[in-house]
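Report on one structure; see the data block that follows.
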Amino acid sequence: MATRSAVPVAGPGSEAAGTTALDPRRWLILAVIAAAQLMVVLDLTVMNLALPSAQRALDFSTADRQWVVTAYALSFGSLLLFCGRLADLVGRKTTFLTGLVGFAAASAVGGASVDFSMLVTARACQGVFGALLAPSALSLLATTFKDPKERAKAFGVYGMVAAAGGGLGLLLGGALTSYLSWRWCMYVNLVFAAVALVGGVLLVGKQDRTPGGRLDVPGVAAVSAGMFCLVYGFSNAASHSWGTPSTWGFLAAGVVLLVAFAVWQSRTRQPLLPPRIVLDRNRAGAYLTILVSGAATFGVFLFLVYYMQVTLEYSAVRSGFAMLPMVVCSGALALLGNTKLMPRFGPKPMVIVGMLVNAAGMVWLTRIDAHSGYASALLGPLMVTGAGMGLVFGMAAATGTFGVAPQDAGVASASINTGQQLGGSIGTALLNTIAASATTGYLADHLHGRPTPQLLQLAAIHSYTTVFWWCAGIFAAGAVLCGTLLRSGPLTSPSEQSVPYGSGGED
């Protein structure tokens, strides 16, 4: 007998026809999922503005500072697919609640850290439980909402959180660091976790497990080690160089392991990531979209904050508020895109337009100089970029899980998060390298004697604008690649071709 979770995500026709009862608590469950997802997304950026204060308080070196970010990225990125399949095997509610409790406990320990090792360990544990929580939340959403119109709204809200969360993290991190303490950038997670935990216990019903499913241990070992090597290799490239053995050696090992993983998945009976999930053009396009966007979006969050705080001398809280228009636009366009545009046009035009709009915003940002005003040079590009991000992130979660059977919802959800994490790692390494080379090249061309503060400032601005040009190119290439991969037209289930995603039509 099927419970309320055992409904194919792809079955819009039968759902619209009312063959399965709708959960009366589904909108409250959406609020719970949104709170949990916001906590995870915020944590990707909220610590960025707190790092200088944490470094002074705990007295660790600048070389060690990167590990506060890298420790989270390594554990989060390497365990996502494993944790996504675990959610399918043991039940999404169980992994969702476990992830919430673990993430809150790790955050509390991190906030109370008395030295560097304690903080880094807490961040690594945050990554572990974040990897358990993020795919569980998205797969719960995919199996809770059955009516196509309601699913469009639910994924719109989820996309709004995913698109706006990074900017909100900068805003919240700046405010907490300026007015309270860097420790509150960790403690604030306890509030989100408490709300989501109470809601999860009271509202989320029992979730089906994959019948007769077994964990693909060789697959887990290969993909976890491969992702660890890739994330570590890219992180090392960002802080050292591409030519060091610890960079190219780990990257090469990561590629070999992931190739071995792909070969194994095509041969084993119960694969960790069933090939049917990634061989669908629309889902593959969604995963590629989130990877490309994750790489290019890094340029907005990091280098624009550098520019505002170092060049324009904005405070942490002021630079956070400066990002607010981007947050508002990204959230609004994510909701509008999922509820109005994707049901009518499908994901392909959303991705193409969103990527090109992002590229235009990056080109606009290349006009900055040492004395740019916020209204004249930053407000417009931020709003444009926010709109593009909303369109892109708004469709990714819905498209990446569409047509997936409930027993695969967890690992399909994890694939989206994996793409974003890997894209962010690539962007960190690539754009940091480009910025450093641009600074060095500018000084070599203009230096006569000792460098003056003005020359160093101009070199820094040149590095930022160079990065923005590269980000524009990445977005433009993404529009072509992802747009080519995605199918034209609204999303439709193979078994329900007459009823597209979000149409609410009946059989």
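The values are calculated or read from the model by the stated rules, or taken from the named source; none is laboratory data. Just so you know, these numbers come straight off a predicted model, no measurement behind them. Reconstructed Cβ throughout: ideal geometry from the backbone, glycine too, with neighbour counts over all protein chains shown.
Observations, loosely collected:
- Pairs meeting the criteria (first residue in region 94-118 and touching a residue at least 60 places away in the same chain (Cβ under 8 Å) and under 12 Å from Ala137 (Cα atoms), second residue assigned to a loop (DSSP other than H, G, I, E, B) and not aliphatic (A, V, I, L, M), beta carbons under 8 Å, at least 6 apart or on different chains) are Thr94/Gln207.
- Some residue of region 249-258 being within 27 Å of Ala137 (Cβ to Cβ) and under 22 Å from the mean Cα position of the chain (by Cα): yes
- Residues in region 239-280 that are surrounded by fewer than 17 Cβ atoms within 10 Å (Cβ to Cβ) and touching a Lys or Arg at 6+ places or on another chain (Cβ under 6 Å): Gln270 alone.
- Boolean, Ser503 is modelled with pLDDT under 85, more than 19 Å from Met362 (Cα to Cα) and either acidic (Asp, Glu) or under 29 Å from the mean Cα position of the chain (by Cα) (or both): yes
- Pairs, first in the same structural domain as Leu140 (by TED's automatic domain parsing) and assigned to a helix (DSSP H, G or I) in region 187-198, second at pLDDT 90 or above and of a type outside the set (A, V, I, L, M), C-beta under 7 Å, six or more apart: Tyr187/Ser107; Tyr187/Gly111; Asn189/Phe103; Asn189/Ser107; Leu190/Ser107; Ala193/Phe103
- Which listed residue is touching a helix residue (DSSP H, G or I) at 6+ places or on another chain (Cβ under 6 Å) and outside the structural domain of Thr418 (by TED's automatic domain parsing), from Ala225, Ala252, Ala221, Ala162: Ala225
- Failed item, numbered, when Phe301 is tested on (1) among the hydrophobic types (A, V, I, L, M, F, W, C); (2) at pLDDT below 90; (3) over 27 Å from Trp182 (Cα atoms); (4) assigned to a helix (DSSP H, G or I): (3)
- Annotation: of all residues in region 104-158 being closer than 30 Å to Phe345 by Cβ and of a type in the set (Val, Ile, Thr), the one that is surrounded by the fewest Cβ atoms within 10 Å (Cβ to Cβ) is Val157.
- Flag for Gly337 being farther than 19 Å from Leu168 by Cα, modelled with pLDDT of 90 or more and surrounded by 23 or more Cβ atoms within 10 Å (Cβ to Cβ): no
- Yes/no for Ala193 being within 28 Å of Leu304 (Cβ to Cβ), touching a Phe, Trp or Tyr at 6+ places or on another chain (Cβ under 9 Å), buried (at least 19 other Cβ atoms within 10 Å of the Cβ) and of a type outside the set (S, T, N, Q): no
- Single residue of Val404, Val363 found to be over 19 Å from the mean Cα position of the chain (by Cα) and modelled with pLDDT under 90: Val404
- Residues satisfying the stated conditions in region 11-50, i.e. surrounded by fewer than 21 Cβ atoms within 10 Å (Cβ to Cβ), of a type in the set (S, T, N, Q) and either at pLDDT 75 or above or in a helix (DSSP H, G or I) (or both): Ser14
- Evaluation of Arg450 against (1) in a loop (DSSP other than H, G, I, E, B); (2) touching a helix residue (DSSP H, G or I) at 6+ places or on another chain (Cβ under 7 Å) (one fails), failing number: (2)
- Some residue of region 429-437 being closer than 19 Å to Leu312 by Cβ, without any contact (Cβ under 8 Å) to a residue 60 or more places away in the chain, in a helix (DSSP H, G or I) and in the same structural domain as Phe96 (by TED's automatic domain parsing): no
- Counting the residues of region 307-322 that are among the aromatic types (Phe, Trp, Tyr) and in a helix (DSSP H, G or I) gives 2.
- Pair list, Cβ < 7 Å and 6+ apart or interchain, from region 460-486 residues that are assigned by TED's automatic domain parsing to the domain that holds Val384 and in a helix (DSSP H, G or I) to residues that are surrounded by fewer than 18 Cβ atoms within 10 Å (Cβ to Cβ) and charged (D, E, K, R): Ile461/Asp369; Leu485/Arg281
Every residue, every condition in (1) in contact with a Pro (Cβ under 7 Å, 6 or more places away or on another chain); (2) at positive phi, yes or no:
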position	(1), (2)
Gln420	no, no
Asn432	no, no
Ala435	no, no
Leu443	yes, no
Gly449	no, yes
Leu458	no, no
Ile461	no, no
Gly473	no, no
